[in-house]
Amino acid sequence: MPALDLSFIRRQFPAFSEPSLQGQAFFDNAGGSYACQAVIDHLADFYRRHKMQPYGAHPASRQGGEQMDRSLVELAAYLGVSPEEVHLGPSTSQNTHVLAEAFANRLEAGDEIIVTNQDHEANSGVWRRLAKRGLVIREWQVDVTTGSLDPQTLQKLLGPRTRVVAFTHCSNILGEINPVREICEIVHAAGAKAVVDGVSYAGHGFPDVNALGADIYLFSLYKTFGPHLGAMVIRRPLMDWLGNQAHYFNEAYRAKWFVPAGPDHAQVAAASGVTAYFDQVHAHHFPTADRHERAANVRRLFRDAEAALLAPLLDFCTGDSRVRLLGPGDTRNKAATVSLQTLKTHPREIATRLAQQGIIAGAGHFYAVRLLEALGLDPDEGVLRLSFVHYTAPEEIQQLIRALDASL
């Protein structure tokens, strides 16, 4: 595996040459990453040349529709699925809302849905609200000491009427990566469907959804260097069973089935800029390969780069008595998301002090209220979250550690 060429990577992101951001180290990537140049170019091009109803008779209209279709094709190739299985909606929260309604229209009173208290609320609350429709909601609870989910605990919750198990690929607080394939196999053995929230994972490399075995996989493109859209993969024949959720006369257009509000044409077209960036990264670091192999290579390249940066930050956090590190203390099963309970000062105050030293970080509950409550933390106080991706520089990690030491 080649080493990541960080200079090449950072040249693909205009934020790193923006004068107002010079000297500012970005550690709030779990809330939204920088957009790559290819996405910005695609978006600007669509607004200049194709800002009209797509798929019309005029060449500019037709070409706009072709750009939108290209995004679905290219995203699907990187995710290991077919283009008709990819749906682009306003956000992951909106996508899960539509999804839950689709299931509610097909399930019967007494059917069971399992959720966790580790998830972002987007993949929890929508399912819990279905209890009002007669569905039974069961909670797969985390270990109150570690926050981890134990697959063996899930086994005990599954029953003959379990229809859906909704869980996260990676906790947006703990950074812990769950064994998705193992969990999906357990879910399928019980005859249920697996709905996986990949928002906190996909920014560290697009997964092979087919290899994971997820029936539905969701993530946010604005956290993967792209526009503000939510991506949702629904495998067939589950997609056919759930059916069209949009206008009845759009039945023939599968890309519209789970986007009843209608797509944002320009942002859908710009989404292919994400895969264009991945292609650029691959071409710079590897020989020619097909899309499936490219996805795996880019994922490993990003993962190795992030793990090398994560290690010194974890060493600092695990050795400092002023903080409590949440989640794994090593890099083996952890994404580059580090959440801290600050024991002497409110986390928002620490975030403010960090900002004064050129560190962009977040503080709060990050929509994982149930997890913080399970861990004995006050959601109103929240945690300090430090999150980065492959374009972060080693010098920025050291800048963060120095600023964190001074701020605590």
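The values are calculated or read from the model by the stated rules, or taken from the named source; none is laboratory data. Just so you know, these numbers come straight off a predicted model, no measurement behind them. Counting neighbours? That spans all protein chains shown, and the Cβs are built from the backbone with ideal geometry, glycine included. What goes into the accessible areas is simple: the full protein's heavy atoms, side chains included, and nothing from ligands, DNA or RNA. Shrake-Rupley method; radii C 1.70, N 1.55, O 1.52, S 1.80 Å.
Within the chain, antiparallel bridges make up roughly 55 percent of the DSSP beta bridges whose residues both belong there.
Just to confirm, what accessible area per residue do you get for segment 247-295 at 1.4 Å probe, in whole Å²?
Working: 2400 Å² over 49 residues.
Ligands and nucleic acids excluded, the result is 49 Å² per residue.
The value given for the chain is a Kirkwood hydrodynamic radius of 21.9 Å, derived from the mean inverse Cα-Cα separation.
Rounded, prolate or oblate: which fits segment 334-408 when a ≥ b ≥ c are the square roots of the eigenvalues of the alpha-carbon gyration tensor, with rounded for a/c under 1.5 and prolate only if a/b beats b/c? In terms of gyration-tensor shape, oblate. Overall shape: oblate for segment 168-238, with the ratio a/c of the largest to smallest alpha carbon gyration tensor axis at 1.5 or above and b/c at least equal to a/b. Roughly speaking, to the nearest percent, how much of the chain's 1.4 Å accessible area is carbon and sulfur? On the chain, the fraction of accessible area on carbon and sulfur atoms equals 50 percent. Using only Cα atoms, locate the centre of segment 184-240 and the centre of segment 367-402, then give the distance between them in Å, rounded to an integer. If you average the Cα positions of each part, the centres end up 24 Å apart.
Could you size up the charge dipole of segment 352-408 around its Cα centre, putting +1 on the beta carbon of Lys and Arg and -1 on that of Asp and Glu, and report it in debye to the nearest 20?
Working: 4 positive and 7 negative charges, 21 e Å.
Rounded to the nearest 20 debye, it is 100 debye.
Mean residue ellipticity, 222 nm, helices only, the chain: the sum of -39500 (n - 2.57) across DSSP H runs of n ≥ 4, divided by residue count and rounded to 500, is -12000 deg cm²/dmol. For segment 232-296, taking Cα atoms only, Rg and Dmax work out to 16.2, 47 Å respectively.
How large is the dipole of the chain about the Cα centre if only Lys and Arg carry +1 and Asp and Glu carry -1, each at its Cβ, rounded to the nearest 20 debye?
Values: 38 positive and 44 negative charges, 103 e Å.
In total the dipole reaches around 500 debye.
Ligands, DNA and RNA aside, Asp5 has an accessible area near 60 Å² when probed at 1.4 Å. Think of a 1.4 Å ball rolled over the protein heavy atoms: segment 15-166 then has 44 Å² of accessible area per residue. Between the alpha-carbon centres of segment 1-32 and segment 104-136 there is a gap of 39 Å. Across the options Asn297, Ala269, Gln398, the greatest Cα extent toward the positive end of the charge dipole of the chain (unit charges at beta carbon of Lys, Arg, Asp, Glu) belongs to Ala269.
Rounded, prolate or oblate: which one fits segment 1-129, using the alpha carbon gyration tensor with axes a ≥ b ≥ c (rounded when a/c is under 1.5, else prolate when a/b beats b/c, else oblate)?
Numbers: a/c = 2.25, a/b = 1.29, b/c = 1.74.
Oblate is the answer for segment 1-129, as a/c is 1.5 or above yet b/c matches or exceeds a/b.
Here segment 264-383 is treated with +1 on each Lys and Arg Cβ and -1 on each Asp and Glu Cβ, and its dipole about the Cα centre works out to around 180 debye.
Within the listed set Gln155, Gln94, Gln67, the residue fluctuating most in the Gaussian network model of the chain (springs between alpha-carbon atoms under 10 angstrom) is Gln155.
Around the amide H of Ala363, modelled in the peptide plane, lie the amide H atoms of Arg385, all under 5 Å away and 5 or more residues distant in sequence or on another chain.
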